[in-house]
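Have a look at the structure below, then the notes.
The values are calculated or read from the model by the stated rules, or taken from the named source; none is laboratory data. It should be emphasised that the depicted structure is a prediction, and the values quoted were computed from it without experimental measurement. Methodologically, a virtual Cβ is constructed for each residue, glycine included, from the backbone with ideal geometry; neighbour enumeration extends over all protein chains shown.
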Amino acid sequence: MEKDKPFKEESVWTKIFIIVSMTLLVAGSLAFVFGIYFFGIAGLFNVLGIQYDSIWSLFWFGVFFFILDSFADFIKMVFTILLDHLSIANAGTIFAIYFLVIWAVLSLLNLLMDSISITVTAQLIAAAVIALIEVGLNKTSKKEEPVD
């Protein structure tokens, strides 16, 4: 049985293979996650009857929503911690915060992007669905954390 060699001692071709393999693995994982995210938005838009000019406008909407929602996660986290600290955090208040923040992101994107038109009703339904999914995913991930 051969002992593990440090990366520095590997041959040049082995180093190239390892780096390329890891890069492809990470890129494939990111593409898979974004693909699920993109087609989830496309499916939700199709169900809600949201109008968009082209697949590229839908793509850019998904990219901008992902970016803005990443920043909005900070706001959601701050309010969740604050409510938890005040001992008034329950599923309803957490859902309301997520819903309002997501609705604000959807409304902002609807205002800024002329290639997509989302009715207020569709915004409310989409924000509720996305908030419900996020709250549900956050609850299950918190249950898996070990308690000391």
Pair list, Cβ < 9 Å and 6+ apart or interchain, from the stretch 107-126 residues that are without any contact (Cβ under 8 Å) to a residue 12 or more places away in the chain to residues that are of a type in the set (D, E, K, R): Asp114/Asp53
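For (1) surrounded by 12 or more Cβ atoms within 10 Å (Cβ to Cβ); (2) hydrophobic (A, V, I, L, M, F, W, C); (3) more than 20 Å from Glu134 (Cβ to Cβ), each residue gets a yes or a no:
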site	(1), (2), (3)
Ile36	no, yes, no
Trp60	yes, yes, yes
Met77	yes, yes, no
His85	no, no, yes
Ala91	no, yes, no
Leu106	yes, yes, no
Within the stretch 16-64, the residues that are among the small types (Gly, Ala, Ser) and in contact with a strand residue (DSSP E or B) (Cβ under 7 Å, 6 or more places away or on another chain) are Ser57
I need the full set of residues from the stretch 120-148 which are modelled with pLDDT of 90 or more, over 14 Å from the mean Cα position of the chain (by Cα) and surrounded by fewer than 18 Cβ atoms within 10 Å (Cβ to Cβ), in order please. Val120, Thr121, Leu124, Ile125, Ala128
Within the set of pairs 6 or more residues apart or between chains, which connect a residue that is without any contact (Cβ under 8 Å) to a residue 24 or more places away in the chain inside the stretch 73-96 to a residue that is assigned to a loop (DSSP other than H, G, I, E, B) with Cβ atoms less than 7 Å apart? Thr80/Ala89; Leu83/Ala89
